[in-house]
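Here's the structure we're looking at; comments come further down.
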Amino acid sequence: MYPLLLLLLLLAPRLEAAELTLTLPAFEDGSHRYYHALLQESLADTGVTLTIRQPFAHLPQKRLQRLVADNQIDLLWMLQSAERDRLLTPVRIDLTRGLIGQRVLLIPKGDAKSYEGVRDLASFRALGKVGGLGAGWYDERVWQANRLPYHVRVMTPIS
């Protein structure tokens, strides 16, 4: 929560009162909930009550970037890129402490032995396994570039 103190300093002119309203994106798969809770808890630790407005249904990331640039959304969390840094004002705070860039291979129980010989991309490819990815995941390009088979699953909304 402490990395958000920099964010609080950036928002300081807007924090004169003990209440703050931010317009933030929300996603059908619920992936926004972590970031909303992180903001609310961090601000609560400083005595600020946060109200989050979510006026937009799930929108593509490019559209959300435009909404930030047009001041229709206050904050947007994304992976860093040179293009985004050029178009928007980056706040360099690692909200997930590097976990967003980590990958964990989930394998069926009792199947670990078949992975023991994997030492490089070629030996991983030789397993003939198919990866399961979510629609729009950044990893899809990585699997494509490495000629690894994968299946994309469109996420269903969380109620």
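Details
- Largest GNM mean-square fluctuation among S123, S42, S31, using the chain with Cα springs under 10 Å: S123.
- Within-14-Å neighbourhood charge of W143 [Cβ basis; K, R +1; D, E -1]: +4
- Checking every one of the trypsin sites (Lys or Arg not before Pro) in segment 72-159 against DSSP loop status and a limit of 15 other Cβ atoms within 10 Å picks out R92, R97, R103, K109, R119, R147.
- Of all DSSP beta bridges in the chain, antiparallel share, percent nearest 5: 0 percent
- Relative contact order of the chain: 22 percent, from C-alpha pairs under 8 Å at least 6 residues apart in sequence.
- For segment 40-52, putting each phi into the Karplus relation 6.51 cos²θ - 1.76 cosθ + 1.60 with θ = phi - 60° gives couplings of 4, 5, 5, 5, 4, 4, 9, x, 9, 8, 9, 10, 9 Hz, in residue order, rounded to whole numbers and with x for Gly and Pro.
- Largest GNM mean-square fluctuation across L67, L95, L127, computed for the chain with C-alpha springs under 10 Å, falls on L127.
- Projected label points at R86 and R119, each 7 Å from Cα along the beta carbon direction, are separated by 4.2 nanometres.
- Order of L106, L64, L87, L50 - criterion: other Cβ atoms within 10 Å of each residue's Cβ, fewest first: L106, L87, L50, L64
- Dipole magnitude for segment 4-97: about 300 debye, using +1 per Lys or Arg Cβ and -1 per Asp or Glu Cβ, origin at the Cα centre.
- In summary, the lysines within cross-link reach of K129, defined as a Cα separation below 29 angstrom excluding same-chain residues under 8 places away, comprise K109, K113.
- Other residues with beta-carbon under 13 Å from the beta-carbon of I52 carry, at +1 per Lys or Arg and -1 per Asp or Glu, a net charge of -1.
- GNM top mover of Q80, Q65, Q40 - the chain, alpha-carbon springs below 10 Å: Q80
- Per-residue Cβ neighbour counts within 10 Å put E83, E140 in the sequence E83, E140, beginning with the fewest.
- Each helix, a run of at least 4 DSSP H residues, gives -39500 (n - 2.57); summed and divided by the residues of the chain, these come to -8000 deg cm²/dmol at 222 nm.
- Dipole magnitude for the chain: computed about the Cα centre from +1 point charges on Lys and Arg Cβ and -1 point charges on Asp and Glu Cβ, it is near 680 debye.
- Positive-end residue of T46, T89, G128, charge dipole of the chain with Cβ unit charges: G128
- Spin-label pair R141/T49, simplified geometry with 7 Å Cα→Cβ offset, distance in nm: 4.3 nm
Laboratory data are not the source of any read-out in this text; all were calculated from the coordinates shown. Model, not experiment: these values are computed from the prediction. With ideal geometry, Cβ positions are generated from the backbone for all residues, glycine too; neighbour counts draw on all protein chains shown.
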